[in-house]
1. Any residue that is small (Gly, Ala, Ser), more than 27 Å from THR6 (Cα to Cα), open to solvent by 80 Å² or more (accessible area, probe 1.4 Å) and outside any strand (DSSP E or B) - is there at least one of those in the range 51-64?
2. Quick one: how many residues across the range 1-27 are in contact with a strand residue (DSSP E or B) (Cβ under 9 Å, 6 or more places away or on another chain), of a type in the set (A, V, I, L, M, F, W, C) and over 17 Å from VAL44 (Cα atoms)?
3. Restricting the search to the range 29-50, which residues are outside any strand (DSSP E or B), of a type outside the set (Asp, Glu) and under 16 Å from the mean Cα position of the chain (by Cα)?
4. So the check is Cβ under 7 Å with 6+ separation or different chains; which pairs have a first residue in the range 19-39 that's closer than 13 Å to ARG7 by Cα and a second one that's surrounded by 12 or more Cβ atoms within 10 Å (Cβ to Cβ) and of a type in the set (Lys, Arg)?
5. Consider only pairs whose beta carbons are under 8 Å apart and that are at least six residues apart or on different chains; among these, list those whose first residue lies in the range 1-12 and is surrounded by 13 or more Cβ atoms within 10 Å (Cβ to Cβ) and whose second residue is part of a helix (DSSP H, G or I) and not charged (D, E, K, R).
Amino acid sequence: MSEISTRELRTNLAKYLDATEAGEQVIILRDGTPATALVPLSVVEAANDAEDEMLARETAARLAAGEKTSSMAEVLADIFPQAHS
């Protein structure tokens, strides 16, 4: 894993995109402090898959425990109350 400045990233973006496509993780520093990272897409996909699996397991456990479930309409009404009033 390498650490680079924002200036280095701007100057050599293609180089670092190639590196992440090859599996490297790159930490971007802003004023010498880690600010963000470039990571291979496979890392992002794996994190998303793990999150989906965790949520599915939590839901299965709640259903097995007999907890109340919500319909999609109820969830949407909670998220977007103004659209349903």
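The values are calculated or read from the model by the stated rules, or taken from the named source; none is laboratory data. In this text, all values refer to a predicted model and were calculated from it rather than measured experimentally. Neighbour counts are summed over all protein chains in view; Cβ atoms, including those assigned to glycine, are modelled from backbone coordinates with ideal geometry. All accessible areas refer to the heavy atoms of the entire protein, side chains included, with ligands and DNA or RNA removed. Shrake-Rupley method; radii C 1.70, N 1.55, O 1.52, S 1.80 Å.
1. Just the residues of the range 51-64 that are small (Gly, Ala, Ser), to begin with: 56, 60-61, 64.
In the following step, the residues that additionally are more than 27 Å from THR6 (Cα to Cα) were identified as 56, 60-61, 64.
Pick out the ones that are also open to solvent by 80 Å² or more (accessible area, probe 1.4 Å) and you get 64.
Still in the running and outside any strand (DSSP E or B): 64.
Yes, because at least one residue in the range 51-64 is small (Gly, Ala, Ser), more than 27 Å from THR6 (Cα to Cα), open to solvent by 80 Å² or more (accessible area, probe 1.4 Å) and outside any strand (DSSP E or B).
2. Total satisfying the criteria: 2.
3. Going residue by residue through the range 29-50, those that are outside any strand (DSSP E or B) are 31-32, 39-50.
Applying the additional criterion that residues be of a type outside the set (Asp, Glu) yields 32, 39-44, 46-48, 50.
Of everything in the range 29-50, those that are outside any strand (DSSP E or B), of a type outside the set (Asp, Glu) and under 16 Å from the mean Cα position of the chain (by Cα) turn out to be VAL39, PRO40, LEU41, SER42, VAL43, VAL44, ALA46, ALA47, ASN48, ALA50.
4. none
5. ILE4/TYR16; LEU9/TYR16
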